[in-house]
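For reference, the structure discussed in these notes is given below.
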Amino acid sequence: MKLCMIGTGYVGLVSGVCFSDIGNTVYCVDKDQKKIDLLNKGIIPIFEPGLEEILKRNYKQKRLIFTSDLKKAVINSDIIFICVGTPTKKNANSADLKYVYSVAKDLKKIIKKKYKIIITKSTVPVSTGDKIEKILNNLKKKKLVDVVSNPEFLREGEAIRDFIYPDRVIIGTDSNKANRILKSLYFPIIKKKSRYFNTSRRGAELIKYASNAFLATKISFINEIANLCEKTGVDIKDVSQGMGSDERIGDRFLRAGPAYGGSCFPKDTRALIDTGNQFKTDLTIIKSVVNSNDNRKTLLIKRVVKILGGNLKNKIITFLGVTFKPNTDDMREATSIPMIKYLNKKNSKIKYYDPSGKKVDFKDLKNVNYCNTISSACLNADMVILHTEWNDFKLLNFKKLVKKQRFKIYDMRNMYSPSRMKKLNIDYYGVGR
Ligand SMILES: NC(=O)c1ccc[n+]([C@@H]2O[C@H](COP(=O)([O-])OP(=O)(O)OC[C@H]3O[C@@H](n4cnc5c(N)ncnc54)[C@H](O)[C@@H]3O)[C@@H](O)[C@H]2O)c1
């Protein structure tokens, strides 16, 4: 089939590349010309394991086309995926849908003759599909378009695997024609035992938000139980394991750590509360999750201050990992940002190392420096904070790395064994233990 991905970010690029790998011709469009130029040179603007190889293979086979020419891409495609960002609106909780609607308006001008399926793969609040359909009303009347919701569930860092082996493919449409075409598009994926689920468009839109809000709830829940563990002398890892062995609960997303961050959970939980308000439904659980998660950032900062004896001035604090999770370069709403900003304001000196490289988020901060190696980042540190559980940090020799007599390690991901750290005479702090 001939596909067009509008927005070549994490979702558009990964889905486009994977769709091309199963034999489709895919136009990946972005308004950011720099991004398109890089991709045409074989340079991938994001860090996503495994993506480069598949991209190069399909680019060579001419199944992947990177362009900023929306008109040409749309005219030549049968299925159009909208994959643009839906960030939180400034000073509000709601999702900013300006990029989505602007694409819909462009499509209205471009589509003239041939039937096309317009799909929102971007995460959009319930009833957005209705509004897009309204914009495309004339085309809909002429049966030239169907507007479908097909939310994406891939996780950054595992995006290729998630796209090729999804747990489910959700198609929100009441059009038999669109459903039949999309079922055949996804056929090579569904064959691999993932569930193809056809529901209403609004249903598909809500499934995405409900899923993300539920996972965010699981994280916040275990983080609060971790707080209780710290007061009661219980190890949160035991609680997670004990709870997670119950199949009704499951052990995933049940690991205590920093507040959840990233490009999805924070914005999607906020947007869902806003949707609740619009439809006069008080989503109290999700409200308290958002609140709990915001409080957690302050709570962990307070803990750092306490471990360092209350005085941050000139303290050298090293962050190992700053991204919101491993195997991605994405810094959107990473908890390291408010933490580093606060600690820096209190005159501590921050050094950080992240396998995905230096971050622009800290470029204007004095005394926040990127180090090229783990050892240079840890040199002379008063405290090392294990912020992101990259594999690179799993087997560190702290005795060698940190030269000070009594250095402190704050392991926010509980990667290390407290008893082993004790044996090494290392001042070690974990989360909920
Ligand atoms: N990142 C994830 O892990 C993930 C997972 C599932 C769903 N989502 C959802 O998918 C959507 C996209 O997320 P993302 O992380 O890929 O965003 P992103 O910011 O990485 O990419 C969005 C891209 O869209 C481009 N764009 C914006 N307007 C455009 C236009 N008019 N024409 C062409 N290109 C345009 C931008 O230049 C950018 O490259 C969001 O709604 C997000 O919630 C993201």
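Among the residues examined, Val84 qualifies as part of a loop (DSSP other than H, G, I, E, B), within 11 Å of the ligand (Cβ to nearest atom) and surrounded by 15 or more Cβ atoms within 10 Å (Cβ to Cβ). With respect to (1) over 19 Å from Asp329 (Cβ atoms); (2) more than 16 Å from the ligand (Cβ to nearest atom); (3) part of a loop (DSSP other than H, G, I, E, B), the lone exception for Asn58 is condition (3).
Of Asp330, Asp392, all but one fail to be in the same structural domain as Pro266 (by TED's automatic domain parsing), closer than 30 Å to Glu52 by Cβ, outside any loop (DSSP other than H, G, I, E, B) and of a type outside the set (Lys, Arg); the exception is Asp392. If the condition is being surrounded by fewer than 16 Cβ atoms within 10 Å (Cβ to Cβ) and assigned to a loop (DSSP other than H, G, I, E, B), then the range 97-114 contributes Lys112, Lys113, Lys114.
Among the residues making up the range 133-158, those that are within 17 Å of Gly16 (Cα to Cα) and part of a loop (DSSP other than H, G, I, E, B) are Asn150, Pro151, Glu152, Phe153, Leu154, Arg155, Glu156, Gly157, Glu158. For the range 1-17, give me the residue count where each residue is touching a Leu at 6+ places or on another chain (Cβ under 9 Å) and more than 6 Å from the ligand (Cβ to nearest atom). Residues flagged as touching a Leu at 6+ places or on another chain (Cβ under 9 Å) and more than 6 Å from the ligand (Cβ to nearest atom) within the range 1-17 amount to 9. Report whether or not Tyr342 is in the same structural domain as Asp235 (by TED's automatic domain parsing), on the phi < 0 side of the Ramachandran plot and not in a loop (DSSP other than H, G, I, E, B). In short, yes. You will find that of Lys208, Lys231, Lys267, the residue that is away from the ligand (no atom under 16 Å from the Cβ), assigned by TED's automatic domain parsing to the domain that holds Thr328 and among the charged types (D, E, K, R) is Lys231 and no other. Checked against the criterion of being in the same structural domain as Val368 (by TED's automatic domain parsing) and within 26 Å of Tyr209 (Cβ to Cβ), the range 303-318 has no qualifying residue. Restricting to the range 225-265, count the residues that are part of a helix (DSSP H, G or I) and crowded, with 23+ Cβ neighbours inside 10 Å. Number of matching residues: 3. Pairs linking a residue in the range 347-360 that is over 14 Å from Thr323 (Cα atoms) and among the aromatic types (Phe, Trp, Tyr) to a residue that is at pLDDT 95 or above and outside any strand (DSSP E or B), with Cβ atoms under 8 Å and 6 or more positions apart or on different chains, do not occur. Residue pairs whose Cβ atoms lie under 8 Å apart, sitting 6 or more positions apart in sequence or on different chains, and linking a residue in the range 87-101 that is farther than 18 Å from Cys264 by Cβ to a partner that is within 13 Å of the ligand (Cβ to nearest atom), are Lys90/Asp96. Annotation note: of Lys359, Lys403, Lys351, the sole residue that is of a type in the set (D, E, K, R) and modelled with pLDDT under 90 is Lys403.
Of all the residues in the range 364-383, those that are in a loop (DSSP other than H, G, I, E, B) and either modelled with pLDDT of 95 or more or touching a helix residue (DSSP H, G or I) at 6+ places or on another chain (Cβ under 7 Å) (or both) number 5. For the range 401-412, the criterion of being assigned to a strand (DSSP E or B) and either among the polar types (S, T, N, Q) or not assigned by TED's automatic domain parsing to the domain that holds Asn314 (or both) is met by no residue.
In the range 171-182 there is no residue that is buried (at least 18 other Cβ atoms within 10 Å of the Cβ), of a type outside the set (Ser, Thr, Tyr) and within 15 Å of Val14 (Cα to Cα). Filter the range 28-46 down to the residues that are touching a residue at least 24 places away in the same chain (Cβ under 8 Å) and away from the ligand (no atom under 11 Å from the Cβ) and list them by number. Once the filter is applied, which keeps residues that are touching a residue at least 24 places away in the same chain (Cβ under 8 Å) and away from the ligand (no atom under 11 Å from the Cβ), the range 28-46 yields Asn40, Ile44. Only one entry of Lys306, Lys302, Lys341, Lys280 meets the criterion of being more than 16 Å from the ligand (Cβ to nearest atom), farther than 23 Å from Glu158 by Cβ and touching a residue at least 12 places away in the same chain (Cβ under 8 Å), and that entry is Lys341. Determine if the range 401-408 includes at least one residue that is of a type outside the set (D, E, K, R) and within 27 Å of the chain's Cα centre (by Cα). Checked against the condition, which is being of a type outside the set (D, E, K, R) and within 27 Å of the chain's Cα centre (by Cα), the range 401-408 yields no hits at all.
Just for the range 309-365: of the residues that are among the β-branched types (Val, Ile, Thr) and closer than 16 Å to Arg413 by Cα, which one is nearest to the chain's Cα centre (by Cα)? Checked the range 309-365; the qualifying residue nearest to the chain's Cα centre (by Cα) is Thr323.
Answer yes or no as to whether Ser149 is within 15 Å of the ligand (Cβ to nearest atom) and within 26 Å of the chain's Cα centre (by Cα). In short, yes. Examine the range 115-130 for a residue that is in a helix (DSSP H, G or I) and either more than 15 Å from the ligand (Cβ to nearest atom) or in contact with a Cys (Cβ under 6 Å, 6 or more places away or on another chain) (or both), and state whether such a residue exists. Within the range 115-130, one or more residues are in a helix (DSSP H, G or I) and either more than 15 Å from the ligand (Cβ to nearest atom) or in contact with a Cys (Cβ under 6 Å, 6 or more places away or on another chain) (or both).
The values are calculated or read from the model by the stated rules, or taken from the named source; none is laboratory data. Quick caveat: nothing in here was measured; it's all calculated off a predicted structure. Heads up, the Cβs are rebuilt from the backbone with ideal geometry, glycines too, and the neighbour counts pull from every protein chain shown.
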